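S.K.: A single structure is presented below for examination.
The values are calculated or read from the model by the stated rules, or taken from the named source; none is laboratory data. Note that the coordinates shown come from a computational prediction; the quantities given were computed from them, not determined experimentally. In this analysis, Cβ positions are derived from the backbone assuming ideal geometry, glycine residues included, and neighbour counts consider all displayed protein chains.
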Ligand SMILES: [Zn+2]
């Protein structure tokens, strides 16, 4: 990894500030929120928006800011989920498509619970379980990926933003560039690049590449970029769950220098976040315990260094507060 100037500044500041001196500082996240905030959250699947940033979205809106959620996929490639929901053992392409439709409806209910309007929610309709194929193999628009679940090669017509979009990395990047350029976020929330679910890490890479491509032209948005983690081993189930408990970073998360930032939720935000998670009925059915283990008193983010974070002023970078990792047996 190249050591960019912001990276060095962050590293120096985090080393200079003793933990005791950081304790009372507002988190860098709070410093980024105001009525000027234009928050854009990328969710690989319906439910990630509530798990990762359900509280942050509420806070941005309550302060008078704007927020949008972009769903990369409709979560239509989940055999265990379809089998459980529909009580069938061999789902067909039609079953998978209908499952995606159901998850899209649930995503609408969850985002509405968080305070978003229909127009604030964007569905790209790309293939669940296929984003890494697009990133690694189907990068150009010369050939397209076919979902082994829905058997589709392109998003549903109602979800196409750029005409003639097919399932390939080239077209996905064009769509992401369009939504970034249309909204011009000043706070961008993406999955952590080291999230163990391939759709999550690929979402990070697609969004950051699209952002850099826009910025190269000199006209693109320059948001602060923060990441959220959903999948890392059994985390965070081992830490218990529910309001009254604090979410801590997984102990063995790679990258010692990682700056986790804790964002505290108020009681109303906690309750609404929990309700938003519960709106994802189909997912509660398969992994309710896991989903509710994100319903805590706080949310965790990492200030992304690879993205350069030109949207963060130096003073804000200095407000990073270190969060202790989970105890060994719980990580
Ligand atoms: Zn996901």
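S.K.: Of everything in the stretch 49-79, what is part of a loop (DSSP other than H, G, I, E, B) and away from the ligand (no atom under 16 Å from the Cβ)? Give them in sequence order. Steps first, please.
M.R.: Keep residues of the stretch 49-79 that are part of a loop (DSSP other than H, G, I, E, B), which gives 63-65, 74-78.
Hits for the stretch 49-79 are 63, 64, 65.
S.K.: Of the residues that sit in the stretch 12-48 and are in a helix (DSSP H, G or I) and surrounded by 19 or more Cβ atoms within 10 Å (Cβ to Cβ), which one is modelled with the highest pLDDT? Talk me through it step by step, then tell me what you get.
M.R.: As a first pass, look at the stretch 12-48 and keep what is in a helix (DSSP H, G or I): 12-16, 19-22, 28-31, 48.
Adding the requirement that they be surrounded by 19 or more Cβ atoms within 10 Å (Cβ to Cβ) leaves 28-29, 48.
Details: 28: 82, 29: 92, 48: 98.
Once the filter is applied, the top-ranked residue is 48.
S.K.: With 106, 175, 159 as the choices, which residue is crowded, with 16+ Cβ neighbours inside 10 Å and modelled with pLDDT under 95?
M.R.: When all the criteria are applied, what remains is 159.
S.K.: Could you tell me whether any residue of the stretch 184-193 is more than 16 Å from the ligand (Cβ to nearest atom), within 23 Å of the chain's Cα centre (by Cα) and either within 16 Å of residue 130 (Cα to Cα) or without any contact (Cβ under 8 Å) to a residue 40 or more places away in the chain (or both)?
M.R.: First, pick out the residues of the stretch 184-193 that are more than 16 Å from the ligand (Cβ to nearest atom): 184-188.
Remaining after also requiring within 23 Å of the chain's Cα centre (by Cα): 184-188.
If we keep only those that are either within 16 Å of residue 130 (Cα to Cα) or without any contact (Cβ under 8 Å) to a residue 40 or more places away in the chain (or both) as well, we get none.
Among the residues of the stretch 184-193, not one is more than 16 Å from the ligand (Cβ to nearest atom), within 23 Å of the chain's Cα centre (by Cα) and either within 16 Å of residue 130 (Cα to Cα) or without any contact (Cβ under 8 Å) to a residue 40 or more places away in the chain (or both), which makes the answer no.
S.K.: Is it the case that some residue within the stretch 256-275 is within 16 Å of the ligand (Cβ to nearest atom), within 22 Å of residue 107 (Cβ to Cβ), under 17 Å from the mean Cα position of the chain (by Cα) and at pLDDT 95 or above?
M.R.: Here is the first cut: in the stretch 256-275, the ones within 16 Å of the ligand (Cβ to nearest atom) are none.
No - not one qualifying residue is present in the stretch 256-275.
S.K.: A further question on this structure: Tally up the residues in the stretch 80-90 that are in contact (Cβ under 8 Å) with a residue 24 or more places away in the chain, more than 13 Å from the ligand (Cβ to nearest atom) and either surrounded by 15 or more Cβ atoms within 10 Å (Cβ to Cβ) or closer than 30 Å to residue 182 by Cβ (or both), please. Spell out how you get there, then give the answer.
M.R.: First, the residues of the stretch 80-90 that are in contact (Cβ under 8 Å) with a residue 24 or more places away in the chain: 80-81, 84-85.
Retained after the next criterion (residues that are more than 13 Å from the ligand (Cβ to nearest atom)): 80, 84-85.
When the remaining residues are screened for being either surrounded by 15 or more Cβ atoms within 10 Å (Cβ to Cβ) or closer than 30 Å to residue 182 by Cβ (or both), the result is 85.
Adding up the residues that qualify gives 1.
S.K.: Exactly one condition in (1) in a helix (DSSP H, G or I); (2) within 14 Å of the ligand (Cβ to nearest atom); (3) farther than 24 Å from residue 235 by Cα; (4) in contact with a helix residue (DSSP H, G or I) (Cβ under 9 Å, 6 or more places away or on another chain) is false for residue 132; which is it?
M.R.: Answer for residue 132: the failing condition is (3).
S.K.: If you don't mind, another one. List pairs: first in the stretch 221-247 and more than 20 Å from residue 259 (Cα to Cα) and at pLDDT 90 or above, second away from the ligand (no atom under 16 Å from the Cβ) and part of a strand (DSSP E or B), Cβ under 8 Å, 6+ apart or cross-chain?
M.R.: Close Cβ pairs satisfying both conditions: 221/188.
S.K.: Those residues that are part of a helix (DSSP H, G or I) and under 28 Å from residue 34 (Cβ atoms), I need them from the stretch 176-204; list them, please. Don't jump to the end; show me each part of the working.
M.R.: First pass over the stretch 176-204, keeping only residues part of a helix (DSSP H, G or I): 176-183, 198-204.
176, 177, 178, 179, 180, 181, 182, 183, 203, 204 - these are the residues of the stretch 176-204 that are part of a helix (DSSP H, G or I) and under 28 Å from residue 34 (Cβ atoms).
S.K.: Being in contact with a strand residue (DSSP E or B) (Cβ under 9 Å, 6 or more places away or on another chain), assigned to a strand (DSSP E or B) and within 16 Å of the ligand (Cβ to nearest atom) is the filter here; which residues of the stretch 209-243 pass it?
M.R.: 227, 228
S.K.: Starting from the stretch 110-121, keep only residues that are closer than 15 Å to residue 183 by Cα, then list their pairs with residues that are in a helix (DSSP H, G or I) and at pLDDT 95 or above whose Cβ atoms are within a distance under 6 Å, requiring at least 6 positions of separation or different chains.
M.R.: Pairs that qualify, where the first residue is closer than 15 Å to residue 183 by Cα and the partner is in a helix (DSSP H, G or I) and at pLDDT 95 or above, are 121/111.
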